[in-house]
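Below is one structure, written out as structure tokens; comments come after it.
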Amino acid sequence: VTVTLGLIGCGAIGSEVVKAVANGTIRNVGRIVAYDMVREKCLRLAEEHPQILECVDSLRELLSRKPRVVVEAASQEAVKEYGERVLEAGADLVILSVGALLDNELRERLVEAAKASGTKVYVPTGAIAGLDAVRAARLSGITRVELITKKPPKALGLEGLKEPKVLFEGPASEAVRRYPRNVNVVAALTLAAGVEATVKVVADPSVERNTHEIIVESRASRIRVRVENLPSPSNPRTSHLASLSAIELLRKILGGEEVLVGT
Ligand SMILES: NC(=O)c1ccc[n+]([C@@H]2O[C@H](COP(=O)([O-])OP(=O)(O)OC[C@H]3O[C@@H](n4cnc5c(N)ncnc54)[C@H](O)[C@@H]3O)[C@@H](O)[C@H]2O)c1
């Protein structure tokens, strides 16, 4: 049996999800129904994948196709505007714009909608790694969470820097205001740990890739994870790993694999 997959946002991540359905990486999807507020973005993608992709003009139209799962790969505003309606319509929701979930009121509304309709909200690990272990460690009690983001100086407008320079060090809530591009990584880590992270942003001439290091101290272990990312082919601001993480999550939710490895 195949299901319908809903997609909000046909940008870098959305396009890669469509490609993954088209080439069979994500199985059990019969068709995709997509909404992008810039209609051409969807139409351009549909030209490449006419058999599986249908573009619609509103969320209402998207939901009328009864998708099993809807992937939000658009923006925080999209989560605010459409999240509850997707869940109320009985579809599970995969959220890429995780930063939206730092808004407690919105998060609560989504939780209530999911409870009422028996649906789930999924947040892929995204451009980082190790949230499985962070969640496990949480069961023992987490005492400290730190995220260190290192970028090549050029990416931060600091060409010619010779030594690493700490640009920011402080609580996650302030870090996302100062460095909004980091918001999804910070939010996913905070949600998994249940403890506000301390965030450091460093311009470092010794790194060539956007690098995230996570350090979590708990009663069970000290976790230290380092991810060095390459940009996605279609959007230099989005790590390729983030799209792949969404694809892998969809493979897990939609089935097609008999042995599931990893928490
Ligand atoms: N979780 C992670 O690790 C992670 C990593 C990278 C990006 N992201 C987030 O995922 C989202 C998508 O990233 P991307 O690189 O594909 O972005 P993108 O800019 O390439 O594509 C986003 C698309 O969504 C559309 N869109 C925006 N707001 C919309 C709305 N309200 N309704 C309908 N369509 C809308 C845009 O027109 C665009 O085509 C962003 O919010 C980004 O911050 C998350």
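The values are calculated or read from the model by the stated rules, or taken from the named source; none is laboratory data. Source: prediction; values computed, not measured. With ideal geometry, Cβ positions are generated from the backbone for all residues, glycine too; neighbour counts draw on all protein chains shown. Ligands, DNA and RNA are excluded from the accessible area calculation, which covers all protein heavy atoms including side chains. Shrake-Rupley method; radii C 1.70, N 1.55, O 1.52, S 1.80 Å.
Laid out as a table, the results:
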read-out	value
Matching option when the condition is farther than 30 Å from Glu228 by Cβ, free of Cβ contacts under 8 Å to residues at least 12 places away in the same chain and either open to solvent by 20 Å² or more (accessible area, probe 1.4 Å) or out of contact with any helix residue (DSSP H, G or I) (no Cβ under 8 Å at 6 or more places or on another chain) (or both), among Glu112, Glu54	Glu112
The range 251-263 residues that are more than 26 Å from Ala137 (Cα to Cα), paired with ones that are assigned to a loop (DSSP other than H, G, I, E, B) and open to solvent by less than 30 Å² (accessible area, probe 1.4 Å) (beta carbon under 8 Å, 6 or more apart)	Leu254/Ile26; Gly256/Ile26
Test: residue in the range 102-121 that is at pLDDT 95 or above, touching a strand residue (DSSP E or B) at 6+ places or on another chain (Cβ under 8 Å) and closer than 14 Å to Ala187 by Cα	no
So Arg135, is it modelled with pLDDT under 95, under 21 Å from the mean Cα position of the chain (by Cα) and open to solvent by 70 Å² or more (accessible area, probe 1.4 Å)	no
Hits in the range 7-32 - residues which are within 13 Å of the ligand (Cβ to nearest atom) and in contact with an Asp or Glu (Cβ under 9 Å, 6 or more places away or on another chain)	Leu7, Ile8, Gly9, Cys10, Gly11, Gly14, Ser15, Val18, Lys19
Search result, residues across the range 57-78 that are more than 10 Å from the ligand (Cβ to nearest atom) and either among the charged types (D, E, K, R) or open to solvent by 60 Å² or more (accessible area, probe 1.4 Å) (or both)	Asp57, Arg60, Glu61, Ser64, Arg65, Lys66, Arg68
Only one of Glu159, Glu163, Glu169, Glu146 that is at pLDDT 95 or above, more than 12 Å from the ligand (Cβ to nearest atom), of a type in the set (Asp, Glu) and over 21 Å from Ile215 (Cβ atoms)	Glu163
Subset of the range 234-246 [more than 20 Å from Ala187 (Cβ to Cβ) and either in contact with a helix residue (DSSP H, G or I) (Cβ under 7 Å, 6 or more places away or on another chain) or hydrophobic (A, V, I, L, M, F, W, C) (or both)]	Ser234
Any hit, the range 186-209, residues being more than 16 Å from the ligand (Cβ to nearest atom), in contact with a strand residue (DSSP E or B) (Cβ under 8 Å, 6 or more places away or on another chain), of a type in the set (D, E, K, R) and outside any loop (DSSP other than H, G, I, E, B)	yes
Candidate set: the range 85-97, residues that are outside any helix (DSSP H, G or I) and among the hydrophobic types (A, V, I, L, M, F, W, C); chosen: the one surrounded by the fewest Cβ atoms within 10 Å (Cβ to Cβ)	Ala89
Selection within the range 33-51 - β-branched (Val, Ile, Thr) and either exposed (fewer than 14 other Cβ atoms within 10 Å of the Cβ) or near the ligand (Cβ under 9 Å from one of its atoms) (or both)	Val38
Some residue of the range 157-173 being under 20 Å from Thr125 (Cα atoms) and not in a loop (DSSP other than H, G, I, E, B)	yes
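Condition check ((1) open to solvent by less than 20 Å² (accessible area, probe 1.4 Å); (2) part of a helix (DSSP H, G or I)) across all residues:
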| residue | (1), (2) |
| --- | --- |
| Lys80 | no, yes |
| Gly83 | yes, yes |
| Gly99 | yes, yes |
| Ala116 | no, yes |
| Ala127 | yes, no |
| Val145 | yes, no |
